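Engineer: Here it is, the structure, as C-alpha cells.
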Amino acid sequence: MPDTPRRPEGTQDFIPEAIPAWRKLERVVGEVFERYGYLEVRPPLFENTSLFHKSTGETTDIVEKQMFTVPSRAEGGESVTFRPEFTPGVIRLILENQLLKQKPCVKLWYSGPVFRYERPQKGRYRQFHQFGVEAVGSNDPLLDAETIAAFDQILRRVGVTDHAVRINSMGCGECHGVYREALKAFIAPNLASYCENCRRRFDRNVFRVLDCKVPADKERNEKAPPAVDSLCAACRTHFESVQRGLGAAGVAFAVDKRIVRGLDYYTRTVYEFSSTRLGAQDALGGGGRYDGLVGQMGGPEAGAVGFSAGSERVLIAMAQEAEAARKLDFYAVAADDESRVDAFRAAQALRGADLAGDLDFEARSMKAQMRSANRAGAKFAVIVGSEERAQGRVRVKPMEGGEERLVTLDEAIRLLKGEAR
Ligand code: HAM
C-alpha cells in the first residue's frame, strides 16, 4: 500500500466535529468586537517581507528565524512573507487606505490564519489563527483598558473563566533610553557567559536578550532590572490610569514586572492573558501599546494599542461542552429508482425554503435510506414514490414517530417549519 499524503508539520486539519466550537468562537469574537465599536478588516495573507523587518523588528525571533518567505519571481523583485502576525499589515492597511483621514481614532478587528516557522508542540503550530484588534489614533489609557476588557469578555462568553490577566509597562522612547543603559549595565559584567545570540543582541537590541530561552540565560535574566523601574512621570501616570480603567471595567488583573513581549514595537502598556488549562504554551493572547510604529511606518504620529489572541489556544481552554451538530430538517427518500429525480426536486424546493436537508446518492433501498435519515438526525423523512408522484404530493413522516401526511410541497414546507399541524 502506498503511503497516503500527510499534512505538513505544524499544521492542523479541522474535521467536521471541530467546526461547531470554531463557529461559536468566531461568532462571539465578531459580536463582542462590534459591540465595542471595532470594524472588521481583511488584509492579504502575505505582505512584502520588508514590512515585517521594519515593524516586528530585525532582531526578533519572528524576523530572525520564523518567517515563511517566498522569493519574487521577477528579477530584482521583492520577496513576500506569509504574515507571522497581523499588526504590521493592519497598520499598512490603515495608511494605504487613508483611514485616519476619515476618523481621528480608527478601531479595527480581524481574524484569520498566521504563519510562523516554530518547533511544533501542543498549542504551538506553524499555521495557527489569531483574532484581535488594533486601535489607532489615541493615547488615552482607557483605550488600553478597553482592549483588555474586550478580550476578557470574549473569553467569558465562550466559557473560559479561569484566565489570568497580567499587565506591565515598557515606557516611552525616553524611558527606553534609560532602561537600555540599566539593562546593559546589568548584563555587561557577565556578557561572556551569555549565549552567542544574546551577545549579538546585546549590541543590536539589548531588550531582545530578555527573550532568550537558554536556561542559564533565562535564570540570569530573572534578576535583571524591570522596565517599570525606568518609567518617566508621564508613563507612570499612564500606567496607573490603565489600572484605574480596568478597575472601572471590572476586569481582574495583576501587575507583572517580568512581562517582556517578543516584538520590538511596544511602548508603555503591555499585557498577556494566560490559562492553566494550556500546559507549557500558556499564553492565550497578548498585546499592548505601540505609540511609535505608525509614525515609523511613514504615517502621522499616532498613539496605538491592540492585542492578538491565539484561536487554537482559546479553543483548548474553552469548556469542551460539545455543541450539538445542527440537525437536518429533512431527509428526502425515494421509494423506488424512478422517483429519485422527484425526491431530488423535492429536496431542492425545501432547501430553497431555507430548510436543511440531505438525500441518498447511492441508489440504495428505501430501508437503507430511512436508516441514513435516522443517522443524520433528520427531523422528518420526505418520501416520494410512484403513488406520491401520481398525485403531485410527498409523504412527510416525523422521524420520532407520529402521523404520516400526504401533502403538497407547499404544505410540506409549512409542516417542516412548524407552521402547520
Ligand atoms: P504574539 O504574542 O506574538 O503577539 O501572539 C499573540 C498570540 O498568538 C499568543 O499569545 C498565542 O496565543 C498565539 N500564538 C503565537 N504563536 C503561536 C503558535 N506558533 N501557535 C499557536 N498560537 C500562537 C502578536 O502577534 C501581536 N501582533 C499582538 C499585538 C496586536 N500587539 C499589538 N497589537
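Engineer: At a 1.4 Å probe radius, carbon and sulfur cover how many percent of the accessible area of the chain?
Structural biologist: With neighbouring chains kept in place, the figure for the chain is 50 percent.
Engineer: While we're on this one: Just to check I understand the Karplus step: with θ = phi - 60° and J = 6.51 cos²θ - 1.76 cosθ + 1.60, what whole-Hz values come out for segment 279-295, glycine and proline as x?
Structural biologist: Here the 3J(HN,Hα) series is x, 4, 8, 9, 7, 6, x, x, x, x, 8, 9, 6, x, 5, 4, x Hz.
Engineer: After finding the eigenvalues of the alpha carbon gyration tensor for segment 76-127, what semi-axes result from the square roots of 5 times each, listed largest first in whole Å?
Structural biologist: That gives 28, 17, 6 Å for the three semi-axes.
Engineer: Would you pull out the residues with amide H under 5 Å of MET399's amide H, same chain only if 5 or more places away, H placed 1.01 Å from N?
Structural biologist: Here PHE380, ALA381 satisfy the definition.
Engineer: Non-local amide H neighbours of TYR125 (under 5 Å, H modeled in plane, Pro and chain starts lacking H): which ones?
Structural biologist: none
Engineer: Specify the angular offset, from 0 to 90 degrees and rounded to the nearest 10, of the alpha carbon long axis of helix 366-375 from the longest principal axis of the alpha carbons in the chain.
Structural biologist: Long axis of 366-375 versus the principal axis of the chain: about 30 degrees.
Engineer: Something else now. Taking amide H atoms as placed 1.01 Å from N in the peptide plane, list the residues 5 or more away in sequence, or in a different chain, whose amide H sits under 5 Å from that of LEU328.
Structural biologist: Residues meeting the amide H criterion: ALA378, LYS379.
Engineer: Just reorder ARG268, ARG208, ARG277 by solvent-accessible area, largest first, 1.4 Å probe, all chains present.
Structural biologist: ARG277, ARG268, ARG208
Engineer: Return the sequence-ordered ³J(HN,Hα) values of segment 27-39 in whole Hz as given by the Karplus equation 6.51 cos²θ - 1.76 cosθ + 1.60 applied to θ = phi - 60°, using x for Gly and Pro.
Structural biologist: 5, 5, 4, x, 4, 5, 4, 5, 5, 8, x, 9, 10
Engineer: Additional query: Based on the inverse mean of 1/r over its pairs of different Cα atoms, what is the Kirkwood hydrodynamic radius of segment 158-301, in Å?
Structural biologist: After inverting the pairwise mean of 1/r, the radius is 16.5 Å.
Engineer: Along segment 44-52, what does the Karplus equation 6.51 cos²θ - 1.76 cosθ + 1.60 (θ = phi - 60°) give for ³J(HN,Hα), rounded to whole Hz, x for Gly and Pro?
Structural biologist: The phi angles translate into x, 5, 10, 10, 4, 4, 4, 4, 6 Hz.
Engineer: Still on this structure: To the nearest 20 debye, what is the magnitude of the charge dipole of the chain about its Cα centre, counting +1 on the Cβ of each Lys and Arg and -1 on the Cβ of each Asp and Glu?
Structural biologist: In debye, rounded to 20, the chain gives about 480.
Engineer: Another question about this same structure. Classify the chain as rounded, prolate or oblate, taking a ≥ b ≥ c as the square roots of the eigenvalues of its Cα gyration tensor: rounded when a/c is under 1.5, otherwise prolate if a/b is larger than b/c and oblate if not. Walk me through the intermediate numbers first.
Structural biologist: Numbers: a/c = 2.64, a/b = 2.30, b/c = 1.15.
Prolate, since a/c reaches 1.5 and a/b exceeds b/c.
Engineer: Using the heavy atoms of the protein chains alone and a 1.4 angstrom probe, what is the accessible area of the chain per residue in square angstrom?
Structural biologist: Values: 21250 Å² over 421 residues.
Value returned for the chain: 50 Å² of accessible area per residue.
Engineer: What figure, in Å² to the nearest 10, do you get for the accessible area of LYS65 with a 1.4 Å probe and non-protein molecules left out?
Structural biologist: 110 Å²
Engineer: Now for a separate question. Counting each DSSP H run of 4 or more residues in the chain as -39500 (n - 2.57), what helix-only mean residue ellipticity at 222 nm follows after dividing by all residues, to the nearest 500 deg cm²/dmol?
Structural biologist: -11000 deg cm²/dmol
The values are calculated or read from the model by the stated rules, or taken from the named source; none is laboratory data. Source: prediction; values computed, not measured. Because the Cβ atoms are built from the backbone with ideal geometry, glycine has one as well, and the counts that use them run over all protein chains shown. SASA here: full protein model, heavy atoms, side chains in, ligands and nucleic acids out. Shrake-Rupley method; radii C 1.70, N 1.55, O 1.52, S 1.80 Å.
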